[in-house]
Amino acid sequence: MSRIKRVHCGDVNCHLVQGEQGAILVDTGRAGYGEKLLPLCRQWDVRLIVLTHGHLDHVQNAAFLSQQLEVPIAMHRADLELLEDNDRQPMQAHRRLGRLIQSLSRRGFQDTLLPPFQPDLYLEDGDDLSHFGVNAQVVALPGHTAGSIGLKTEDGALLVGDAMFRLFSPAPALVYADRRQMEDSVAKIWALHPTALYFGHGRPAQGL
Ligand SMILES: [Zn+2]
Ligand SMILES: [Zn+2]
């Protein structure tokens with residue numbers, strides 16, 4: 001069994017996934033939330049930081065937490081360019097709500113700088129993370145960004161980052177670098193028959 005704890009970091013969710021021997025932190029939130037996450041990460045014995053994608057609101061405390069906890073940072077290689085500049089993968093928006101989200105997040109991107117870091121590990125679809133004490137697998141979910149990934153736990157819960165989000169019910173990403181890929185990734189998520197979904201934004205959907 002894996003236990004999953006959602007940690008609110010402003011408008012972004014970070015998640016602690018506990019395994020038999022330690023835990024993984026999934027995403028690190030916007031600047032200013034490192035101090036909130038650090039004691040929780042210590043308490044849960046975090047051994048790895050996984051970034052679901054390279055958007056600023058998910059990665060800003062990665063360098064701080066990695067340094068403090070002395071644990072590696074892992075992400076997909078295709079989002080490496082976003083660590084230099086989030087605009088390297090221009091986003092398109094779906095309908096009016098998507099355009100609103102896009103304009104809000106763009107404002108956020110301009111206001112904040114990314115502390116520089118390099119990931120220590122690159123993750124691919126199917127990678128097994130049990131080496132870090134948690135029985136979970138990487139699921140590639142490109143579309144929102146080219147390097148978007150999720151994690152599937154041994155009990156079938158899926159952490160999807162921004163590949164989907166939840167406002168009322170689980171919905172496909174409203175902003176994306178590639179719509180076709182995003183739609184394929186949403187189909188892939190449902191085909192995995194998740195027992196629960198955890199999103200980068202919004203409340204989890206449990207008991208699916
Ligand atoms: Zn995002
Ligand atoms: Zn996000």
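Normalised by the number of residues in the chain, the average gap of Cα pairs under 8 Å and 6 or more apart makes the relative contact order 19 percent. Of the GluC sites (Glu not before Pro) found in the stretch 18-87, those in coil by DSSP whose Cβ has at most 13 other Cβ atoms within 10 Å are Glu20, Glu70. As a calculated quantity, the FRET efficiency between Leu100 and Ser130 at R0 = 45 Å, using C-beta atoms, amounts to about 0.65.
For the stretch 1-51, the convex hull drawn through the C-alpha positions has a volume of 64 cubic angstrom per residue. Calculated on C-alpha atoms, the gyration radius of the stretch 39-94 divided by its Kirkwood radius gives an Rg/Rh of 1.05. Our note on the geometry: Cα centres of the stretch 1-55 and the stretch 171-199, 21 Å apart.
In a solvent-free Debye calculation with one equal scatterer on each Cα, what is log10 I(q)/I(0) for the chain at q = 0.10, 0.12 Å⁻¹, listed in the order of the q values? Calculated log10 I(q)/I(0) at the listed q: -0.36, -0.53.
Subtracting the Cα-Cα distance of Gln137 and Asp11 from their residue separation scaled by 0.36 nm leaves 42.8 nm. Considering only Leu192, Ala173, Thr145, the residue lying farthest towards the positive end of the dipole of the stretch 135-208 is Ala173, judged by Cα position with unit charges set on Cβ.
Distance from a point 7 Å along Cα→Cβ of Arg77 to each backbone N in the stretch 134-158: keep the residues under 19 Å and list them by number. Within reach of a label on Arg77, which here means backbone N under 19 Å from a point 7 Å along Cα→Cβ, the stretch 134-158 contributes 138-143, 145-150. All other residues whose Cβ lies under 10 angstrom from that of Gly19 are scored, Lys and Arg at +1 and Asp and Glu at -1, for a net of -1. What does the charge add up to near Glu154, with Lys and Arg as +1, Asp and Glu as -1, over the other residues with Cβ less than 15 Å from its Cβ? Charge balance near Glu154 sits at -2.
If the cut-off is 30 Å between C-alpha atoms, which lysines fall inside it for Lys36, apart from same-chain ones fewer than 8 positions away? By straight Cα distance, Lys36 reaches Lys5, Lys152.
Only the coordinates and a few stated rules stand behind these numbers; no lab work does. Bear in mind that the values here come from a model prediction, so they are computed numbers and not experimental data. Reconstructed Cβ throughout: ideal geometry from the backbone, glycine too, with neighbour counts over all protein chains shown.
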